[in-house]
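Before any comments, here is the structure.
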Amino acid sequence: MLFKSKRPREHAQCGISSIARVAAFALLSSMLPFAARAQANACPSAPALHGALWQPYRSPAEVSVGFTDPILLPQTASWLLIDTKGGASVPIKSVRYPLITGQNYSLSALIVPERPLAIDHVYYLLVQGIIFEHCTTPAKTMSPAQVAMARPKDAKQNFVLSAAKGRDDSDFYFAPTIDGASGQKASYTLDTKFQFRKSLLAPQFGKNVPYHPAIFFVPGWDLKVSNNPKQDGNSVKFLVPVEIAAPVAPTSFPRLSQVVTAIVSQPGFVAEADKKFHDVNGIFADYEYVLLHGFGGHYLWVSPQPTIGFETGSNLKAQSANTYPASILRADFGMGVGLDLFQAKAKSKPLFSIDANYIRRLLLNPEPTYTEDTKGNLQLKSVGTQPRDDVTVKISYNVNSYVALTAAYEYGELPPVYTKIDNKYTFGVTFLGQMQYQPGTKAK
Amino acid sequence: MPPKRRKPQSNPARTRKTGPKKPKVKPNKDGRKSAKGPVRPDPSIAKKRSTRAISVAADEQLGADQVAQILADCIPRAGGNNNEIVLTKTLQSYGFHFQNQVDTLTSFIIGDADFGVRRYGFHLSGDALNFAAPSTTLSDLADAIQIKATP
């Protein structure tokens, strides 16, 4: 469906055959997860206790503690609550394992001590004999968990760094490249991105409460510049947008929420330019992302995301005279599809993930199309309103949290000069990071 | 260690000075006070409030059981799959492939009065879960919910 464009036939065929190769590669890759099916319901190798917390305000006062992996009932585990002041154990009155509502497993334990815990003492919780789901024997070694007695003081002060999946979900991205060859002048490319999200309005929805979408202010930049004539057109994107995420409340719209989970609107100002900045457009763009409910199973999950939008603005600097007879006005629609293939049910990350994005720009006013000569100079091909398409497919193989092997394919035409990107392949190793705001875990 | 001295619940001198509180009598629409005495709150409204916002003390935190329930309820409703909750897994493992989908999940956790933190009478700021990305593990998300949610 993605490739039913009205391009010249030879290009379309070329694109289809290329995509077929990519699809075949993906299909071949998908064999690996099914080969690993035997490991699918594996017993967790390193289960742990998580989030132990003394809750004196509950009746009765109890320690709640989570498990990293599900457990089935009944359980006959023995618990030990050690007071490090004196090293004595606190007698335990009762232990419960509340089931997740609507499920047959539990992910936590509620431990009621015989006497209240002292707020200035340090307690550790130990368990022996707990049997996790898919295991036949109790977990052998589980580290003791310190019981938090109060909210951490530094809960709002810590910034931590963690891996991001790709460029799109990174808060900062920095990828300088130097290309050189004997007898040629070196070329430089800088691909960088920074964004900061600040909430303007917290979301609120549900039965009997006023509906508020989530509204964020997301200032930043998205910049890719290069003096390499073989690189694709530059795009300088200044983000001055407001992002509005409108979730579909399941209780208010039960049927609609089974299909659409949210609509995300991302309006923003964009300055788009070719790689030599000879053609520059100032654009206001607004894209609406319709988030559809994903589908699939344990080994394969598909996330569709249709997009509609518009772009309007004017040409600030033209490569050739009279190529913009009117203001810029485009109606856009497209589709993003995310596909994840998992090696095994117990694995925390997908083995392969595929990102496919298609966008068609319908030009309501004429815009130019350029071709590029061997020296990288732009040659005007035509001025018209024919639709302009762009397709990108990315395949990632996750080596670990910070490193991924990637293969990418691109075909299409991008503004402002719409030089054809003709079956471009990219292979590489990606190192990614994301700036995250996360509370500390130090107990008071 | 000596037991901590507790602060008295109320100031007795002040109570004597002001005297016992008189029950407030709400006037009717026509301005006359009701002969039946003080207006009692509608029990149906009180019941609704109690189910929506369970009364909580100042520094209460969500328990591990409540956080697990929130994740189990919000993940499928925000577009993810119905797989069992395993805290070591990433959001991508539950079908949150795009950042927009993750933002939707955090909107459900923060804002859904029926399945998010609000169901337990807790509140999270709009920025509290901004760090979440497809590569974020559920344990990181659970930690943030437990530590940052306030009554």
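The values are calculated or read from the model by the stated rules, or taken from the named source; none is laboratory data. Every value quoted in this text rests on a predicted model; they were computed, and no experiment measured them. With ideal geometry, Cβ positions are generated from the backbone for all residues, glycine too; neighbour counts draw on all protein chains shown.
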Item to check | Criterion (touching a residue at least 40 places away in the same chain (Cβ under 8 Å) and at positive phi) met by exactly one of A:TYR409, A:TYR418 | outcome: A:TYR418
Item to check | Qualifying residue in the stretch B:103-111 (condition: closer than 24 Å to A:HIS212 by Cβ, buried (at least 24 other Cβ atoms within 10 Å of the Cβ), more than 7 Å from chain A (Cβ to nearest Cβ) and among the polar types (S, T, N, Q)) | outcome: yes
Checklist entry - What number of residues within the stretch A:187-203 satisfy the criterion of being surrounded by fewer than 16 Cβ atoms within 10 Å (Cβ to Cβ) and touching a Gly at 6+ places or on another chain (Cβ under 9 Å)? => result 4
Checklist entry - Does the stretch A:278-292 include one or more residues that are in contact (Cβ under 8 Å) with a residue 12 or more places away in the chain and in contact with a helix residue (DSSP H, G or I) (Cβ under 7 Å, 6 or more places away or on another chain)? => result yes
Checklist entry - Among the residues of the stretch A:233-250, which ones are in a loop (DSSP other than H, G, I, E, B) and either modelled with pLDDT of 90 or more or surrounded by fewer than 18 Cβ atoms within 10 Å (Cβ to Cβ) (or both)? => result A:VAL240, A:VAL248
Checklist outcome for this item: Checked the stretch B:92-102 for anything in a helix (DSSP H, G or I) and out of contact with any Lys or Arg (no Cβ under 9 Å at 6 or more places or on another chain); matches are B:TYR94, B:ASN100, B:GLN101, B:VAL102
Checklist entry - So which of A:VAL22, A:VAL65 is surrounded by 14 or more Cβ atoms within 10 Å (Cβ to Cβ) and either at pLDDT below 50 or in contact with a Phe, Trp or Tyr (Cβ under 6 Å, 6 or more places away or on another chain) (or both)? => result A:VAL22
Checklist entry - Has the stretch A:204-214 got any residue that is surrounded by fewer than 16 Cβ atoms within 10 Å (Cβ to Cβ), at the interface with another protein chain (Cβ under 7 Å from one of its Cβ atoms) and of a type in the set (D, E, K, R)? => result yes
Checklist entry - How many of the residues in the stretch A:117-140 are away from chain B (no Cβ under 14 Å) and among the charged types (D, E, K, R)? => result 1
Checklist entry - Does A:ALA331 satisfy the criteria of being touching a Gly at 6+ places or on another chain (Cβ under 9 Å), at pLDDT 90 or above and more than 18 Å from A:GLN386 (Cα to Cα)? => result no
Next on the checklist: Would you confirm whether or not the stretch A:50-68 contains a residue that is farther than 27 Å from B:PRO76 by Cα, part of a loop (DSSP other than H, G, I, E, B), hydrophobic (A, V, I, L, M, F, W, C) and within 12 Å of chain B (Cβ to nearest Cβ)?
Outcome noted: yes
Checklist outcome for this item: The residue that is farthest from A:GLY297 (Cα to Cα), considering only those in the stretch B:81-102 that are crowded, with 24+ Cβ neighbours inside 10 Å and more than 7 Å from chain A (Cβ to nearest Cβ), is B:VAL102
Checklist entry - Restricting attention to the stretch A:53-90, which residues are in contact (Cβ under 8 Å) with a residue 60 or more places away in the chain, closer than 15 Å to A:VAL127 by Cβ and either of a type in the set (Phe, Trp, Tyr) or not assigned by TED's automatic domain parsing to the domain that holds A:ASN104 (or both)? => result A:PHE67
Checklist outcome for this item: Residue hits (the stretch A:261-280; more than 22 Å from A:ASP191 (Cβ to Cβ), of a type in the set (A, V, I, L, M) and more than 9 Å from chain B (Cβ to nearest Cβ)) are A:ILE263
Item to check | Search result, residues across the stretch A:317-328 that are surrounded by 16 or more Cβ atoms within 10 Å (Cβ to Cβ) and in a strand (DSSP E or B) | outcome: A:ILE328
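Confirm whether A:LEU364 is under 30 Å from A:PRO267 (Cβ atoms) and within 14 Å of chain B (Cβ to nearest Cβ).
Judged against the criteria, A:LEU364 is not a match.
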Next on the checklist: Can you pull out every residue in the stretch B:132-151 that is without any contact (Cβ under 8 Å) to a residue 60 or more places away in the chain, touching a helix residue (DSSP H, G or I) at 6+ places or on another chain (Cβ under 7 Å) and either within 7 Å of another protein chain (Cβ to nearest Cβ) or not hydrophobic (A, V, I, L, M, F, W, C) (or both)?
Outcome noted: B:ALA133, B:PRO134, B:SER135, B:THR136
Next on the checklist: Suppose we filter A:ILE119, A:ILE130, A:ILE111 for residues that are crowded, with 17+ Cβ neighbours inside 10 Å and in a loop (DSSP other than H, G, I, E, B); which single one remains?
Outcome noted: A:ILE130
Next on the checklist: Consider the stretch A:365-389. How many of its residues are surrounded by 15 or more Cβ atoms within 10 Å (Cβ to Cβ) and within 12 Å of A:ALA326 (Cβ to Cβ)?
Outcome noted: 2
